[in-house]
Amino acid sequence: AQSVTQLDSHVSVSEGTPVLLRCNYSSSYSPSLFWYVQHPNKGLQLLLKYTSAATLVKGINGFEAEFKKSETSFHLTKPSAHMSDAAEYFCVVIPSGGYNKLIFGAGTRLAVHP
Amino acid sequence: DTEVTQTPKHLVMGMTNKKSLKCEQHMGHRAMYWYKQKAKKPPELMFVYSYEKLSINESVPSRFSPECPNSSLLNLHLHALQPEDSALYLCASSPQETYTGELFFGEGSRLTVL
């Protein structure tokens, strides 16, 4: 069965410093992996997705993630945090079977300080 | 138009009330979803409609009754709810129910059951 583990429940950074949100996956096949973001009192928005093309995936708002099969990781990064990046971030995998049945990680809350 | 619109944004109801949540999208998407999200938790899938037919029910109690009157509308009828049903209810849509993982979410309806 597929699953994702987000290694940090909270991450705090200063504005202008790099962001690293960590996600490890478990899958018996090459997975499709995603990062979604949820700003306070809002719905979720797709940041980026990996579907077995390029291992370095660029998303919206300057975020990117690298798929590393050897480490079973799909960490989300951004070179310079902005105050507006403060939100909850979910790492997501979808199972085999051809359905949009998202399997969510527990989430990482990113705080950005001035 | 890339929006999923949910109404109402906030709903307070007693345990004997009957109310409905509404979701609308005009992106021509053929799959629509209801998720439930408790505070500080990831969303949990409740129902999936594909081409206006219920395709997935995640063993949701019958006090939640989904309805898809047409390809643009999704309702969630609520009756005899319990206080533990208080949560953010998120609607989402996707072009079709296939292996893409790309869902478009509304901002949610925050439900409080007294």
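The values are calculated or read from the model by the stated rules, or taken from the named source; none is laboratory data. If you're wondering where the values come from, they're calculated on a predicted model, not measured in any experiment. No Cβ is skipped: glycine too gets one built from the backbone with ideal geometry, and neighbour counts run over all protein chains shown. These accessible areas exclude ligands, DNA and RNA; they are computed on the full protein's heavy atoms, side chains included. Shrake-Rupley method; radii C 1.70, N 1.55, O 1.52, S 1.80 Å.
Residues in the stretch B:20-37: is at least one basic (Lys, Arg) and under 28 Å from A:THR5 (Cα atoms)?
Filtering the stretch B:20-37 for residues basic (Lys, Arg) gives B:22, B:30, B:36.
Pick out the ones that are also under 28 Å from A:THR5 (Cα atoms) and you get B:36.
Within the stretch B:20-37, one or more residues are basic (Lys, Arg) and under 28 Å from A:THR5 (Cα atoms).
Listed residues B:THR7, B:THR16; which is more than 12 Å from chain A (Cβ to nearest Cβ) and at pLDDT below 90?
Matching residue, one of B:THR7, B:THR16: B:THR16.
When you scan the stretch B:20-37, how many residues do you find that are open to solvent by 10 Å² or more (accessible area, probe 1.4 Å) and more than 9 Å from chain A (Cβ to nearest Cβ)? Lay out the reasoning, then the answer.
In the first step, residues of the stretch B:20-37 are kept if they are open to solvent by 10 Å² or more (accessible area, probe 1.4 Å); the result is B:20, B:22, B:24, B:26-30, B:36-37.
Checking the rest, the ones that are also more than 9 Å from chain A (Cβ to nearest Cβ) come to B:20, B:22, B:24, B:26-30, B:36.
Number of matching residues: 9.
Within the stretch A:74-111, count every residue that is under 10 Å from the mean Cα position of the chain (by Cα) and away from every other protein chain (no Cβ under 14 Å).
Qualifying residue count, the stretch A:74-111: 3.
If you check B:LYS40 against the conditions, is it within 8 Å of another protein chain (Cβ to nearest Cβ) and closer than 30 Å to A:THR5 by Cα?
Spelling it out, B:LYS40 is indeed within 8 Å of another protein chain (Cβ to nearest Cβ) and closer than 30 Å to A:THR5 by Cα.
For B:GLU84, which of the numbered conditions (1) surrounded by 14 or more Cβ atoms within 10 Å (Cβ to Cβ); (2) modelled with pLDDT of 95 or more fails to hold?
So the condition that B:GLU84 fails would be (1).
If the Cβ limit is 9 Å and pairs must be 6+ apart or interchain, which residue in the stretch B:78-92 that is more than 14 Å from chain A (Cβ to nearest Cβ) pairs with which residue that is acidic (Asp, Glu)?
What qualifies is B:LEU78/B:ASP85.
Condition check: of a type in the set (Asp, Glu) and either open to solvent by less than 20 Å² (accessible area, probe 1.4 Å) or at pLDDT below 95 (or both). Does B:GLU67 satisfy that?
So B:GLU67 fails the test.
Starting from the stretch B:94-111, take each residue that is more than 7 Å from every other protein chain (Cβ to nearest Cβ) and open to solvent by 50 Å² or more (accessible area, probe 1.4 Å) and list its partners that are in a loop (DSSP other than H, G, I, E, B) and modelled with pLDDT under 90, counting only C-beta distances under 6 angstrom and pairs at least six apart or across chains.
That search, which allows pairs on different chains as well, returns nothing.
Pick out the one residue from B:LEU54, B:LEU45 that is farther than 15 Å from B:VAL4 by Cβ, assigned to a strand (DSSP E or B), open to solvent by 60 Å² or more (accessible area, probe 1.4 Å) and not basic (Lys, Arg).
B:LEU54
For the list (1) open to solvent by less than 30 Å² (accessible area, probe 1.4 Å); (2) more than 25 Å from A:PRO95 (Cα to Cα); (3) in contact (Cβ under 8 Å) with a residue 60 or more places away in the chain, I need the number of the one condition that B:ASN17 fails.
For B:ASN17, the exception is condition (1).
Give, as residue ranges, the strands (runs of 3 or more DSSP E) completely inside the stretch A:1-110 that count at least 1 residues that are open to solvent by less than 70 Å² (accessible area, probe 1.4 Å) and farther than 23 Å from B:LYS38 by Cα.
A:10-14, A:19-21, A:23-26, A:32-38, A:44-50, A:56-58, A:64-68, A:73-78
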